[in-house]
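Let me begin by presenting the structure, written as structure tokens, before commenting on it.
The values are calculated or read from the model by the stated rules, or taken from the named source; none is laboratory data. Bear in mind that the values here come from a model prediction, so they are computed numbers and not experimental data. Reconstructed Cβ throughout: ideal geometry from the backbone, glycine too, with neighbour counts over all protein chains shown.
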Amino acid sequence: MSVVIQNILPKSLAAKNGIKSSEILLTVNGQEIRDFLDLELYTSDYEFELEIMTPPGEKRIVKIQREEKSFLGIELEPYNIRSCENSCIFCFIDQMPPHLRNTLYLKDDDYLYSYVFGNYITLTNLTNEDYERIITQRITPLYISLHTTDSTLRQKMMRPLRQVDALSALKNLSQYGISFHIQIVCVPGYNDGEALKQTLKDLHQTKLNCLSIGIVPVGLTKYRQNLCDLKTFNQHNAIEVLDLIEEARNLYSSDIIYPADEFFVLAGRNIPDEDYYADYPQLENGIGMLRLTIQNYKLKKRSILKELRKKTVDYLMISSVCAKEVISKIAEDLNKRLENQRIRVQVINNDFFGPDINVCGLITYSDLYSQLSPEKNETLILPSCIFNTEGETLDGKDRITFQETWNNPILLIDQFFEEWDYL
């Protein structure tokens, strides 16, 4: 195994030792290098040896000795992400419209990305060599999409090319000290009710290194032509799921089972207190987001008021359907403390994906464009999570487009009120 060095960062240890881009990294301390994780793992010591091969095929050994605050500076060729081979009946990517950002159609099922970025994997494409590496290199914790411990039901829901006894795989990983976070995408009529109850029982009555169990409702868009006829959750069955989860938490004295925020919103129930979510282990899964928003707002309230008072203008604060009650209460609280400004809230319906999609992170430019009607003196307050790290919305509009669309100033606030800035 070997990897091509794509780039060498200036003033790095690699640059100082004459390593060049286009050269091939063969080994570190005699260990073969397969990817970025191997490189990070085997170069973590203060001293190590790199075996390098030039494009013409000449090999040499480069001895590296780390200095304080130094960095290696080797960037490898792009990693080939392992994609999902399943055909899950609830796959969100399969029910997205065309012509969105290319990265949105990537079906990642890579255990290295699970470890590094918290992406969920299905275990259906892991080889014996993969398990050996996970155990040997202590690649833990992993994030695993389980959905059910019933192998037959899992096969029906995920339709994998290769069937895997997921519970046995979890037992094996646990035996060797590998821990994991579990995701259950709950689909009415499939893995809810008694099936969910059995899954939670299996996960608690087996010696598993399970750190958290997140249960999220299936997300159904309006783009489901030629796909399975599935149902989403309503108030009645959302209440059933919450009651079942609470029963399991009590039965197994477990504080690691977490329902998604959407279940509480659909059921018309209050969001649990902060201690319910511990250290928010599945925040990126939409679990505990509303509570963290409330808590962070309380901590940042004084700073936010200071920012809003800088200008004698009114504000139009945007909310998703799911966060409507929380955002409305925050706006009400701010209005009590503002003297020369007024905040009103506008809820944005998700016409782009359909009425069953109601979270903040899936708000698009097109829905904002068609629904927003700010007054002339209003500053728009938008959640910054509608943009990705490159500054684009799901439907591919950049920040310049927003500035050209609305003459109103736009204040972007992190959904957890951790930071804010004008567009």
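Out of (1) under 27 Å from Gln183 (Cα atoms); (2) in a loop (DSSP other than H, G, I, E, B), what's the single condition that is false for Thr103?
Every listed condition holds for Thr103 apart from (2).
Is there any pair with a first residue in the range 201-212 that is farther than 18 Å from Asn250 by Cβ and in the same structural domain as Gly177 (by TED's automatic domain parsing) and a second that is of a type in the set (S, T, N, Q) and not in a loop (DSSP other than H, G, I, E, B) whose Cβ atoms are under 6 Å apart and which are 6 or more apart or on different chains, and what are they?
So the pair list comes out as Leu208/Ser174; Asn209/Ser174.
Does Thr199 meet the test of being in contact with a Leu (Cβ under 9 Å, 6 or more places away or on another chain) and assigned to a helix (DSSP H, G or I)? Break it down into steps so the answer makes sense when it comes.
Numbers: in contact with a Leu (Cβ under 9 Å, 6 or more places away or on another chain): yes; assigned to a helix (DSSP H, G or I): yes.
Yes.
Among the residues in the range 176-188, are any in the same structural domain as Ser254 (by TED's automatic domain parsing), outside any strand (DSSP E or B) and under 15 Å from Pro217 (Cβ atoms)?
To start, the set of residues in the range 176-188 that are in the same structural domain as Ser254 (by TED's automatic domain parsing) comprises 176-188.
So of that shortlist, the ones also outside any strand (DSSP E or B) come out as 176-179, 187-188.
Narrowing the set further to residues that are under 15 Å from Pro217 (Cβ atoms) leaves 187-188.
So far as the range 176-188 goes, yes, one or more of its residues are in the same structural domain as Ser254 (by TED's automatic domain parsing), outside any strand (DSSP E or B) and under 15 Å from Pro217 (Cβ atoms).
In the range 148-168, which residue that is touching a helix residue (DSSP H, G or I) at 6+ places or on another chain (Cβ under 8 Å) and outside any loop (DSSP other than H, G, I, E, B) is farthest from Leu208 (Cα to Cα)?
Per the criteria, the residue is Leu153.
So which pairs qualify, if the first residue must be in the range 85-98 and touching a residue at least 60 places away in the same chain (Cβ under 8 Å) and of a type outside the set (Phe, Trp, Tyr), the second must be surrounded by 15 or more Cβ atoms within 10 Å (Cβ to Cβ) and outside any loop (DSSP other than H, G, I, E, B), the Cβ gap must be under 7 Å, and the two must be at least 6 apart or on different chains?
Asn86/Met158; Cys88/Met157; Cys88/Met158; Ile89/Met157
In the range 233-255, how many residues are assigned to a loop (DSSP other than H, G, I, E, B) and farther than 27 Å from Phe180 by Cβ?
Number of matching residues: 1.
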